[in-house]
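Asks: For reference, the structure I am asking about is given below.
The values are calculated or read from the model by the stated rules, or taken from the named source; none is laboratory data. Treat the numbers as computed from the prediction; the structure is a model and nothing was measured. Cβ coordinates were reconstructed from backbone atoms using ideal geometry, including for glycine residues, and neighbour counts include every protein chain displayed. These area figures cover heavy atoms from the full protein model, side chains too; ligands, DNA and RNA do not enter into them. Shrake-Rupley method; radii C 1.70, N 1.55, O 1.52, S 1.80 Å.
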Amino acid sequence: MQLLRELLMAALFVLATLFDTHNITNILTKHPEFSTFKHYLTLTHLAPEINGKTTITVCAVNKAAMSNLLSKHPSIYTVKNVLSLHVLLDYFGAKKHH
């Protein structure tokens with residue numbers, strides 16, 4: 001639970017789109033601090049699921065938080081489950097947070 005809290009707190013990047021097409025890995029390529037998160041989105045096949053959504057918020061996790069998760073040597077299934085908790089099937093902008 002503590003690890004999950006740390007990962008959520010490390011969610012520094014929010015992607016929200018209202019367009020029909022986007023590519024999460026291309027978007028994250030512009031932000032090297034999220035390269036490990038991007039890699040595991042691809043490895044776990046979450047990236048295509050994200051790309052298929054119209055309205056979505058992705059709370060990307062930086063390298064330090066991903067290292068913390070991966071240091072526990074979780075299965076790829078566990079990593080996929082943890083990363084999927086960072087994908088919200090709605091747009092959460094500033095107005096929804098207040």
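Asks: Per 0.36 nm of contour for each residue apart, how much would the distance between ASP90 and ASN26 grow if the chain were fully extended, relative to their Cα-Cα spacing? Don't skip to the answer; put the middle values down first.
Replies: Working: separation 64, 0.36 × 64 = 23.04 nm, distance 2.01 nm.
So the extension gain works out to 21.0 nm.
Asks: Taking a 1.4 Å probe, which of HIS22, HIS73 shows the most accessible area, and what order do the others take after it?
Replies: On the way: HIS22 30, HIS73 155 Å².
Solvent-accessible surface, decreasing: HIS73, HIS22.
Asks: Still on this structure, I have one more. What is the distance, in nm, between label points placed 7 Å from the Cα along the Cα-to-Cβ direction at ASN81 and at LEU43?
Replies: Here the answer is 1.8 nm between the modelled labels.
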